[in-house]
Amino acid sequence: MFIRTQTNGSRTYLLLVENERVEGRLVQRVLHRFGRLDELRATGQLDALIQSLGRFAEKVVVLDAHAKGETLATETVTVGPGLVFDRLWRETGIRDVLGAELATRRFGFGVERAIFLTVLHRLMAPGSDRAAERWQEDYRVPDAEPLSLHQLYRAMRWLGAALPKADQTGATPFGPRTRKDRIEERLFARRRDLFNQQLQLVFFDTTSIYFEGAGGETVGQYGHSKDHRPDLRQMVVGVVLDMDGRPVCSELWPGNTTDVKTLVPIVERLQQVFQVKDVCVVADRGMISDTTIADLDDRGWFYILGVRMRSSTEAREVIADDRRFTTLVGARTTSHDAAPLQVKDVTIDDRRYVVCRNDEEARKDAHDREAIVAALRTALTHGDKALVGNKGYRRFLKTPGPHFALDEARIEDDARFDGLWVLRTNTTLAARDVAIAYKQLWMVETIFRTMKSVLETRPIYHQRDDTIRGHVFCSFLALVLRQELQRRLAAKGWRLEWEHLVHDLDALHETTVTLEERRYIVRSQAKRTVGKVFQACGVALPPALRSLPASSPSPPG
């Protein structure tokens, strides 16, 4: 049934009608004639009718009153993030694994929920654990009571606590095995059993994260800072990703550990503890040293490693080879096409290299160098002082006398490397597969940018090693959830900007309101990306309106 109007001449009438099927055709049947529309409005009968019907259309009345500001709002909480990421938390197995670890412990509060709250805070509003305590007041975390800062710290310490001596098999030389290690391994075991697949190609990279204050008991050390803060103690964090971009495990080392010392312990852990028999490590050029490569070869491990370019005589020897490139991907025709790629195999003294070339990058490198040289020529006319602090300038200068001058030989030499990168490998993979595998390593760099800037892992204020390990591991778990969400969105063919997604989820609220002494929960409109995110995760949106029994408390925030 529905309301419609009927116009006869200058008069409009209000009718109650319904559709019925007669001999295969839909026919409208008039159930009641209310009268002339202008008279119904003038006498107030129309308003009285709507008000009377409102007793039986609670949803419309309450939502309309709320939109007009006629309800009394008593509480508003954000519900989008908790609903979406709690589903992913469960379906990735994190909740079950944590529950198994906690089965024999009694803390007096929900440790698993405290960890989830910390992870959710990292995803939505990056900041310290202290900030998470206040942040939770405005968010609804499923099945969680309000948690104190002390409880959040206890949860961090539990995650980063060292395991008993009997469980130290597979520990790296730089620190003990901890509870977070065992959680990573159990999560991977669940995924491997579920998909019946072996991990073969892994991507590994490291970064440094600095401390505010004294730093950790043993992990806080001075070392080469990728954050350009050599004045602060730091630690080294490594992350391993599988072929699909899913985080597999993380490692923490003292801040004075060099990158070349981290690769072998990672592979040993993958084989000894994760039970991965055949593994090919893809890592950046910073992992390379002659000792590391010899160690990998002696152990029979496979690798695809970047080679340092301009500072390496090895790379110079390889790119001097005059063999022709094979074009794998030609020039783009649209911006969505794959980047152009040419490759060639080069073998020198039983060492296999794959040289890769991107014509787009070659043109960009040449353009950038020309811009620097042009700026240099201008700067040289204004004296030498303008050049001292510019690292980009210094690479093309020489000092034949008391003043700087352009080094034409360096400029010409730099052009030899335009658009090129060199990989060293001991695999039998085709050159194309080697190049594509190394390009996938760039997603690890994206993960680290996410881990350090979006998730705000740094700076760290904790001083105990176990709390620090738990703090960083929560960022790792946040990455697991983020990658899982993006994987599900990609499976639907949706590419959503993370910042937009977070903003839209953050705008999904539920407000507890009172109207005529009855209480209701009103959900805000699901805007922009929210519908796609909920659909990708298989989560149903809460109803737009639901009533609360008179005696029930408001849902926990």
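Numerical summary
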| item | result |
| --- | --- |
| Residue identified as touching a His at 6+ places or on another chain (Cβ under 8 Å) and not aliphatic (A, V, I, L, M) among 334, 258 | 258 |
| Considering residues of segment 292-336 that are of a type in the set (A, V, I, L, M) and part of a helix (DSSP H, G or I) only, the residue surrounded by the fewest Cβ atoms within 10 Å (Cβ to Cβ) | 294 |
| Subset of segment 130-159 that is under 24 Å from residue 100 (Cβ atoms) and not hydrophobic (A, V, I, L, M, F, W, C) - its residue that is modelled with the lowest pLDDT | 145 |
| Given (1) in a loop (DSSP other than H, G, I, E, B); (2) polar (S, T, N, Q); (3) in contact (Cβ under 8 Å) with a residue 60 or more places away in the chain, index of the condition residue 207 fails | (1) |
| Filtered residues of segment 386-404 (kept if over 16 Å from residue 374 (Cβ atoms) and modelled with pLDDT under 65) | 388, 389 |
| Yes/no for residue 339 being modelled with pLDDT under 90 and either surrounded by fewer than 18 Cβ atoms within 10 Å (Cβ to Cβ) or in contact with a helix residue (DSSP H, G or I) (Cβ under 9 Å, 6 or more places away or on another chain) (or both) | yes |
| Output for segment 165-194, where each listed residue is in a loop (DSSP other than H, G, I, E, B) and β-branched (Val, Ile, Thr) | 169, 172 |
| Unmet criterion (only one of (1) farther than 30 Å from residue 146 by Cβ; (2) at pLDDT below 80; (3) part of a strand (DSSP E or B); (4) of a type in the set (Gly, Ala, Ser)) for residue 35 | (2) |
| Every pair of residues 6+ apart whose Cβ atoms lie under 8 Å, when the first sits in segment 426-438 and is in contact (Cβ under 8 Å) with a residue 40 or more places away in the chain while the second is aliphatic (A, V, I, L, M) and assigned to a loop (DSSP other than H, G, I, E, B) | 437/429 |
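Yes/no per residue for (1) in contact with a His (Cβ under 7 Å, 6 or more places away or on another chain); (2) surrounded by 20 or more Cβ atoms within 10 Å (Cβ to Cβ); (3) of a type outside the set (Gly, Ala, Ser):
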residue: 95; (1), (2), (3): no, no, yes
residue: 102; (1), (2), (3): no, no, yes
residue: 118; (1), (2), (3): no, yes, yes
residue: 143; (1), (2), (3): no, no, yes
residue: 162; (1), (2), (3): no, no, no
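The values are calculated or read from the model by the stated rules, or taken from the named source; none is laboratory data. Quick caveat: nothing in here was measured; it's all calculated off a predicted structure. Don't worry about glycine lacking a Cβ; one is built from the backbone with ideal geometry, like all the others, and counts go over all protein chains shown.
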